[in-house]
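Visitor: Next up is a structure, given as C-alpha cells.
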Amino acid sequence: MTPPNQTIVLGAGCFWCTESVYLQVRGVLAVESGYCNGHTPAPTYSQVSSGHSGHNEVVRLEFDPTHISMREVLEIFFLIHDPTTLNRQGHDVGTQYRSGIYCTTASQLADANAFIAVLVDQAVYADPVVTEVQMLSNYGRAEEYHQNYFAKNPSQAYCVAVAAPKVAKFRKTFARLAKA
C-alpha cells in the first residue's frame, strides 16, 4: 500500500526564499506561502510583518514520501537557512522570521526532534540550534502576490541577492533531488 502524501510547514526566514527552493524539489507536490503559530486570526502580511501577530512566515509543503523522505525535506531545510539565529535570517529580523518546523502529525514531531538531536549530538553547528518544533496551529495562506514570488520576480533585488543563492546552493548540494 502506498503511503499517503504528507503536509509539513516550515519557517526559514522570508517565505519567498524557502518557497523558491522547495518548488525545485522532486517529490514536493505543492508549496504555499503562509503564516502560522500566531495568535491573531487570519492575519494580513502587514500584521505579520509588524511582529505583533505572533505568526511566522512559512511555507506549507505537500510531499510524496515515496519520492522524498521527511529526512530529506529536513536536510534541505537545514541547508538553506541558519537554525542558530533566534528570530533572524540575515537582514530579516523579528519573530516572524524564526526558524520553525510545524508538524501535522505526531510522527513528524518525533522525526523533527530526533533530527535536531542528531545535529546537536554531532555538533554540526558551532552555536545552539534554536529551531522551534511544534504542532501546526492557526495557519493561513499568504496573499496572492506572495505566491511563487521568486519565479514572478527573478530580477527583484532581494530575489537576486537572497533567494537565488539559496536555490543554487540547494541545486548544487541536492542535485539528485532537484526537478529537471
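The values are calculated or read from the model by the stated rules, or taken from the named source; none is laboratory data. What you see is a predicted model, and the numbers here were worked out from it, not measured in a lab. Ideal geometry is used to build each Cβ from the backbone, glycine not excepted, and the neighbour counts take in all protein chains shown.
Visitor: How about the stretch 108-131: which of its residues are more than 13 Å from Leu74 (Cα to Cα), touching a residue at least 12 places away in the same chain (Cβ under 8 Å) and not hydrophobic (A, V, I, L, M, F, W, C)?
Guide: Of everything in the stretch 108-131, those that are more than 13 Å from Leu74 (Cα to Cα), touching a residue at least 12 places away in the same chain (Cβ under 8 Å) and not hydrophobic (A, V, I, L, M, F, W, C) turn out to be Tyr125, Asp127, Pro128.
Visitor: Right, another one. Among the residues of the stretch 1-15 satisfying the criterion of being within 10 Å of the chain's Cα centre (by Cα) and not in a loop (DSSP other than H, G, I, E, B), which is farthest from Thr105 (Cα to Cα)? Full working, then the answer.
Guide: Restricting attention to the stretch 1-15, the residues satisfying the condition of being within 10 Å of the chain's Cα centre (by Cα) are 8-15.
Within this subset, residues satisfying the condition of being not in a loop (DSSP other than H, G, I, E, B) are 8-12, 15.
Working: Ile8: 9, Val9: 11, Leu10: 14, Gly11: 17, Ala12: 20, Phe15: 22 Å.
Applying the filter and picking the extreme gives Phe15.
Visitor: Can you tell me which residue is surrounded by the fewest Cβ atoms within 10 Å (Cβ to Cβ) among those in the stretch 89-102 that are in contact with a helix residue (DSSP H, G or I) (Cβ under 6 Å, 6 or more places away or on another chain) and under 21 Å from Tyr158 (Cα atoms)? Lay out the reasoning, then the answer.
Guide: The initial filter retains those residues of the stretch 89-102 that are in contact with a helix residue (DSSP H, G or I) (Cβ under 6 Å, 6 or more places away or on another chain), namely 89, 96, 101.
Going one step further and asking which of them are under 21 Å from Tyr158 (Cα atoms), we end up with 89, 96.
Values: Gln89: 23, Gln96: 27.
In this case the residue turns out to be Gln89.
Visitor: Let me ask something else about it. Restricting attention to the stretch 32-53, report how many residues are in contact (Cβ under 8 Å) with a residue 60 or more places away in the chain and hydrophobic (A, V, I, L, M, F, W, C).
Guide: 2
Residue by residue, here is whether (1) of a type in the set (Phe, Trp, Tyr); (2) in a helix (DSSP H, G or I) holds:
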residue	(1), (2)
Ser20	no, yes
Ala30	no, no
Pro43	no, no
Arg71	no, yes
Ile76	no, yes
Asp82	no, no
Thr85	no, no
Tyr102	yes, no
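Visitor: Kindly provide the set of residues from the stretch 44-67 that are surrounded by fewer than 23 Cβ atoms within 10 Å (Cβ to Cβ) and not hydroxyl-bearing (Ser, Thr, Tyr), ordered by number.
Guide: Gln47, Gly51, His52, Gly54, Glu62, Asp64, Pro65, His67
Visitor: Can Asn5 be described as surrounded by fewer than 23 Cβ atoms within 10 Å (Cβ to Cβ), within 23 Å of Asn138 (Cβ to Cβ) and free of Cβ contacts under 8 Å to residues at least 12 places away in the same chain?
Guide: The answer is no for Asn5.
Visitor: Return a yes/no flag: does the stretch 8-15 have any residue that is over 26 Å from Val124 (Cβ atoms) and either surrounded by fewer than 18 Cβ atoms within 10 Å (Cβ to Cβ) or of a type in the set (A, V, I, L, M, F, W, C) (or both).
Guide: So far as the stretch 8-15 goes, no, none of its residues is over 26 Å from Val124 (Cβ atoms) and either surrounded by fewer than 18 Cβ atoms within 10 Å (Cβ to Cβ) or of a type in the set (A, V, I, L, M, F, W, C) (or both).
Visitor: Quick one: which of Gln24, Gln6 is out of contact with any His (no Cβ under 6 Å at 6 or more places or on another chain), at pLDDT 95 or above and farther than 11 Å from Leu61 by Cβ?
Guide: Gln24
Visitor: Please indicate, with yes or no, whether at least one residue in the stretch 56-64 is in contact with a Ser or Thr (Cβ under 7 Å, 6 or more places away or on another chain), at pLDDT 95 or above and acidic (Asp, Glu).
Guide: Looking for residues that are in contact with a Ser or Thr (Cβ under 7 Å, 6 or more places away or on another chain), at pLDDT 95 or above and acidic (Asp, Glu), one finds at least one in the stretch 56-64, hence yes.
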